[in-house]
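The values are calculated or read from the model by the stated rules, or taken from the named source; none is laboratory data. Only a predicted model underlies this, so the values are computations on that prediction, with no experimental measurement involved. Ideal geometry is used to build each Cβ from the backbone, glycine not excepted, and the neighbour counts take in all protein chains shown. Note: areas computed on protein heavy atoms with side chains; ligands, DNA, RNA excluded. Shrake-Rupley method; radii C 1.70, N 1.55, O 1.52, S 1.80 Å.
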Amino acid sequence: MQVRRDVRLADLTTLAVGGPIERLVEVTDPAELVAAVREADEAGRPMLLLGGGSNVVAPDDGWPGDVVAVRTRGIERTGGRLVVQAGEPWADVVAYAVDNGLAGVEALSGIPGSTGATPVQNVGAYGQEVAQTITAVRVYDRDEKSERTLTPAECGFAYRDSRLKHEPSRFVVLDVTFELDESVLSRPVGYAELARTLGVEIGDTAPLADVRRAVIELRRGKGMVLDPADPDSRSAGSFFTNPIVPTERAVEGCPSWPADDGFTKLSAAWLVQSAGFGRGTRDGHVGTSSRHSLALTTEPGATATELLAFAARIVAAVEEQFGVTLVPEPTAVTL
Ligand SMILES: Cc1cc2nc3c(=O)[nH]c(=O)nc-3n(C[C@H](O)[C@H](O)[C@H](O)COP(=O)(O)OP(=O)(O)OC[C@H]3O[C@@H](n4cnc5c(N)ncnc54)[C@H](O)[C@@H]3O)c2cc1C
């Protein structure tokens, strides 16, 4: 366990905002992770967990306590089952699955961050989400002060949501179990743009490696692959989730997808763009990505306050013009 006092949240987050950290505690094995969390809790120090920092808006005032950086590693395979340590980079897990003929996560290629954070917002893209393959999440429960295993039902997975997201000060993810298909072909392709790129129909399969390559290519074209040389990737990915509204309140002209009975999922990107925040709209050091109106990006010198004020302007404009309330996807960290 390594403790540092010279680090800012901006150094640990992909939006690169956020002030000084009182104590940065880097842990490399699960016992250390539990010990670090217990120690902070027992000392009454505020504790923030960070994996890759790719889905947080960190406060300008910094963190007056412990930031526990989860750097645990390891993938254990038994047949189609993978047990993955929380700190393992998610993109490496997908690469491992594809290279080893395991299907079920190939459409989630190129998503930054740690595996332990994937169940938190039920990470998803291009027709797949981790809830389709997660069979268990081992956690340290800070309320019960003990380790336990959550079933998928106990995780309460929903679209970009879970119980872990709603109870952020309770569960520390230690490892995640995925049940994948032993197959060199993908699961049925469920996303029109991906099917087109692969030259297949929706519902067809394709070689795993082809799906991975196509997804990364599509993501790169939208600035959705982390790359220090690409200013459009200085983001937290999509800043808003696609709003789910009663079908009778669907917005005319807005692309949409069927959701649960009687509900429709609207394109947040279309709403943001149509409310006057097209690609490349800038305001001070923040703005929308030049290639994707849903990704908010920062420039050197940006602050979290500036970013959140810009996001609030978008929310207000969409609300006023379309009567739809956008919900931010990243966690805005507060004490
Ligand atoms: C360029 C780009 C593209 C993206 N594309 C997508 C996408 O296509 N689909 C998608 O769903 N997301 C996407 N994201 C968002 C992000 O990558 C994911 O949400 C990712 O899972 C976050 O992982 P992380 O380790 O960086 O989490 P962090 O940002 O470190 O943390 C996110 C939240 O999870 C909590 N957390 C972290 N680790 C743990 C743990 N071990 N136990 C409990 N809580 C924990 C944190 O406290 C915080 O509340 C994108 C982000 C970027 C920058």
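The table that follows gives values for the structure above.
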read-out	value
Listed residues HIS166, HIS285 arranged by accessible area, highest first, probe 1.4 Å	HIS166, HIS285
Cα gyration tensor shape for region 166-284, rounded if a/c is under 1.5, else prolate or oblate	rounded
Cβ crowding within 10 Å averaged over residues, with 187-193, 22-28 ranked highest first	22-28, 187-193
Karplus 3J(HN,Hα) series, Hz, for region 232-249 with 6.51 cos²θ - 1.76 cosθ + 1.60 (x for Gly, Pro)	5, 9, 7, 8, 10, x, 5, 8, 10, 7, 6, x, 9, 10, x, 3, 5, 9
Accessible surface, 1.4 Å probe, highest first, among residues GLU144, GLU32	GLU144, GLU32
In order through region 32-47: 3J(HN,Hα) via Karplus (6.51 cos²θ - 1.76 cosθ + 1.60), integer Hz, x for Gly, Pro	5, 4, 5, 4, 5, 5, 4, 4, 5, 4, 5, 7, x, 8, x, 10
About the Cα centre, charge dipole magnitude for the chain (Lys/Arg +1, Asp/Glu -1 at Cβ), debye	400
Aspartates and glutamates with Cα under 20 Å of LYS222, excluding same-chain neighbours fewer than 8 positions away	GLU106, GLU129, GLU193, ASP210, ASP230, ASP232, GLU299, GLU329
Residues whose placed amide H lies under 5 Å from that of PHE240, excluding near-sequence neighbours	GLU329
Shape call, the chain: gyration tensor on alpha carbons, a/c limit 1.5	oblate
Amide proton proximity set for LEU174, modelled H, under 5 Å, gap of 5+	ARG138, VAL139, TYR140
Distance (nanometres) between label positions extended 7 Å along Cα→Cβ at THR305 and ASP230	3.2
In Å², nearest 10: area of THR151 left accessible to a 1.4 Å probe	60
Gyration tensor (alpha-carbon) shape descriptor, region 33-72, a/c threshold 1.5	oblate
5 angstrom amide H check on ASP61, placed H, neighbours 5+ away	GLY19
Packing-based order for 316-328, 249-261, using average beta carbon neighbours within 10 Å, highest first	316-328, 249-261
Set of lysines near LYS265 by C-alpha distance (under 20 Å), chain-local residues within fewer than 8 positions excluded	none
Test item: Cα-centred dipole of region 126-250, Lys/Arg +1 and Asp/Glu -1 on Cβ, debye	360
